[in-house]
1. Quickly estimate the mean residue ellipticity at 222 nm for the chain, helices only: each DSSP H run with n ≥ 4 gives -39500 (n - 2.57), and the total goes over all residues, rounded to 500.
2. Mind listing the phi-derived Karplus ³J(HN,Hα) values for the range 221-233, rounded to whole Hz, using 6.51, -1.76 and 1.60 with θ = phi - 60°, and x for any glycine or proline?
3. With point charges of +1 on the Cβ of Lys and Arg and -1 on the Cβ of Asp and Glu, referenced to the Cα centre of the range 136-231, which listed residue (LEU160, SER226, LEU137) lies farthest in the positive direction of the dipole?
4. Considering only Cα-Cα distances, which of the following residue pairs are longer than 18 Å: LYS4/LYS24; LYS41/LYS114; LYS4/LYS114?
5. Counting other Cβ atoms within 10 Å, keep those with at most 14, restrict to DSSP loop, and tell me which chymotrypsin sites (Phe, Trp or Tyr not before Pro) in the range 142-216 are left.
6. With charges only on Cβ, +1 for K and R and -1 for D and E, what is the dipole size of the chain about its Cα centre, in debye, rounded to 20?
7. Counting other beta carbons within 10 Å of each Cβ, put VAL7, VAL74 in order, fewest first.
8. Quick one: grab the alpha carbon gyration tensor of the range 4-128, order the square roots of its eigenvalues as a ≥ b ≥ c, and give me rounded if a/c is under 1.5, else prolate or oblate depending on whether a/b is larger than b/c.
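Readers should treat all values here as calculations from the given coordinates under stated rules, not as data from a laboratory. Since the structure is predicted, the reported quantities are computational estimates derived from the model, not experimental observations. In this analysis, Cβ positions are derived from the backbone assuming ideal geometry, glycine residues included, and neighbour counts consider all displayed protein chains.
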Amino acid sequence: MAEKILVVEDELTLQETLAYNLKKQGYLVECANDGPSAIDKARQYQPDLIMLDIMLPGMDGFEVCKILRKDMLVPILMLTARDDEIDRVVGLEVGADDYLTKPFSMRELIARIKALLRRAKIMQNLSVDEAPGRKVLTFGNLVIDENRREVTLDSQPLNLKPKEYDLLLFLGQHRGQVLSRELILEKVWGWDYFGDSRTVDVHVRWLREKIESDPAKPQRIVTSRSAGYRFEG
Ligand code: CA
């Protein structure tokens with residue numbers, strides 16, 4: 001089935017060029033011209049990937065990205081016209097998966113899109129794979145064995161509380177993605193959980209004490225300022 005891409009771009013010439021080239025590659029394309037309609041369309045259309053321009057009328061791309069990231073795991077590729085470091089950092093801070101600086105070649109764009117979609121598919125298969133057999137996620141000396149609900153570090157079993165395990169598994173299944181506290185809370189604790197995002201922070205702290213070589217300078221569970229957490233593996 002063709003993958004769906006939502007193109008959020010207010011420069012109509014560029015929007016049309018992008019849509020044309022993406023369709024030529026076999027993707028289904030939907031477009032939005034401003035921030036609020038980008039959010040509406042993302043929720044209605046449930047795209048497999050979103051291309052998001054930063055300078056948009058109504059609400060900028062950073063804001064759109066932050067809002068979408070609260071409840072959607074869809075890969076987001078940010079487009080920026082300003083080639084300075086701050087934009088790049090902020091772009092990743094809000095939970096974007098990748099960015100491209102304008103002007104960019106269609107070839108580069110397509111390559112990035114393919115890479116993001118491929119990665120998203122791997123993540124999806126990891127989390128929904130119900131196939132029998134042993135499911136093991138390996139991150140260097142850290143191994144999560146889903147069948148046994150067991151985690152080992154340097155081959156030594158770790159003593160994790162059930163929610164610590166669930167949280168680590170969720171992070172491990174979404175390696176490299178910025179996950180908001182709200183999303184983690186919803187996916188790991190469930191909708192009906194009576195608590196707030198500090199629950200997530202506390203469990204991250206406990207996990208870091210168990211899996212980081214220096215919990216004060218975490219290398220595995222990285223805090224993405226204002227946006228949430230990212231598991232580096
Ligand atoms: Ca723009």
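1. Computed ellipticity for the chain at 222 nm equals -13000 deg cm²/dmol.
2. 9, 9, 7, 9, 3, 6, 9, x, 10, 9, 8, 8, x
3. SER226
4. Violating the 18 Å Cα-Cα cut-off are LYS41/LYS114.
5. Answer by residue number: TRP191, TYR193, PHE194.
6. For the chain, the charge dipole is close to 720 debye.
7. Ranked by crowding around the Cβ, least crowded first: VAL74, VAL7.
8. Cα axes put the range 4-128 in the rounded bin.
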